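Working notes for the structure below.
Readers should treat all values here as calculations from the given coordinates under stated rules, not as data from a laboratory. Computed from a predicted structure; not experimentally measured. Note: ideal-geometry Cβ built from the backbone for every residue, glycine included; neighbour counts use all protein chains shown.
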Amino acid sequence: MQPQGMKRGVFISFEGSEGCGKSTQIARLETKLRDVGIEVMRTREPGGTAVGEQIRHLLQHAPEGENLTSESELLLFAASRAQLVREVIQPALARGTWVIADRFLDSTTVYQGIGRGLNADAVAAINGFAVGDCLPDATFLLDMDAVEGHSRAVKVRGDTPDRMEDQPLAFFEAVRAGYLNLAEAQPERIQVIDASDSIEEIEQRIWAACRQQFDEFFC
Ligand code: Z5A
């Protein structure tokens, strides 16, 4: 429940394939929001809580995660998010802080549902159970060619992929198509942005969209 007289913060998520520029744009949006006096925090997934960071390690780097089945993978992503929602996101929104999420439930819908080919109804049910009614007010999908995104990511991290990154190109192409289908189905929430435009152009577009959609916060 929202405390009386206090405006709930805005919840924004960023989605897209590796290297599409989520972290870059989140940092810029955070700065712009702070500059106009809005309190803001960012989260990342998997991770963002002590439990979530352990899950992240298991999912991405730990040798114990090597034989994870797709079903276990799905449940681990969901567990990380369930913790993050209740421990971090909901309390922040309730005290009026804006939350910018580097990935949220659309990642699971697309990576586990489409990429891993898990049953869509099961993924939707588990996603719903994990987040309850905590859904983003707006989502920016940074869309880009999978090969280009991959080569950007390699430049940052070097050529040693973690467990999630170590998939064939077809996996990432399916993920991209899955994201675009999701955006088409939910145009009121998900805005597609061409991630191959310049960093500055994308920043301006995201800022304009936020100013327009959440104008009551900018008086
Ligand atoms: N995953 C999942 O399967 N299911 C789930 O439910 C969740 C996640 C939540 C998390 O990866 C992995 O988990 C991810 C999905 C899966 N696996 N994959 N593959 P992560 O958190 O380690 O990393 P990531 O989310 O994939 O993102 P990233 O690689 O860190 O990239 P990014 O944040 O989107 O991009 P960036 O760091 O801002 O930019 C990359 C480089 O490009 C950098 O040098 C920038 O300066 C440059 N850049 C950025 N924008 C531009 C533009 N516009 N032009 C030129 N260059 C640019």
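Tabulated values for the structure
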| quantity | calculated |
| --- | --- |
| Candidates Val147, Val192, Val110 - the one that is among the β-branched types (Val, Ile, Thr) and within 12 Å of the ligand (Cβ to nearest atom) | Val110 |
| Subset of region 1-53 (residues that are within 15 Å of the ligand (Cβ to nearest atom), closer than 15 Å to Ala209 by Cβ and of a type in the set (D, E, K, R)) | Glu15, Arg28 |
| Leading residue by the ranking (nearest to the chain's Cα centre (by Cα)) among those in region 172-203 that are among the hydroxyl-bearing types (Ser, Thr, Tyr) and surrounded by fewer than 18 Cβ atoms within 10 Å (Cβ to Cβ) | Ser196 |
| Any hit, region 102-119, residues being more than 23 Å from Ser17 (Cβ to Cβ) and of a type outside the set (Lys, Arg) | no |
| Residue match in region 80-96 (condition: hydroxyl-bearing (Ser, Thr, Tyr), within 16 Å of the chain's Cα centre (by Cα) and more than 26 Å from Ala209 (Cβ to Cβ)) | yes |
| Selected residue (criterion: farthest from Arg176 (Cα to Cα)) from residues of region 79-115 that are of a type in the set (D, E, K, R) and surrounded by fewer than 18 Cβ atoms within 10 Å (Cβ to Cβ) | Arg95 |
| Residues satisfying the stated conditions in region 32-51, i.e. outside any strand (DSSP E or B) and of a type in the set (S, T, N, Q) | Thr49 |
| Near pairs, Cβ below 7 angstrom, 6+ apart or cross-chain, from region 80-100 (under 10 Å from Gly9 (Cβ atoms)) to any residue that is basic (Lys, Arg) and surrounded by fewer than 17 Cβ atoms within 10 Å (Cβ to Cβ) | Leu93/Arg8; Ala94/Arg8; Gly96/Lys7; Gly96/Arg8 |
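To keep it simple, each residue is scored yes or no on (1) in a loop (DSSP other than H, G, I, E, B); (2) in contact with a strand residue (DSSP E or B) (Cβ under 7 Å, 6 or more places away or on another chain).
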{"position": "Glu165", "(1), (2)": "yes, no"}
{"position": "Leu180", "(1), (2)": "no, yes"}
{"position": "Glu200", "(1), (2)": "no, no"}
{"position": "Glu203", "(1), (2)": "no, no"}
{"position": "Ile206", "(1), (2)": "no, yes"}
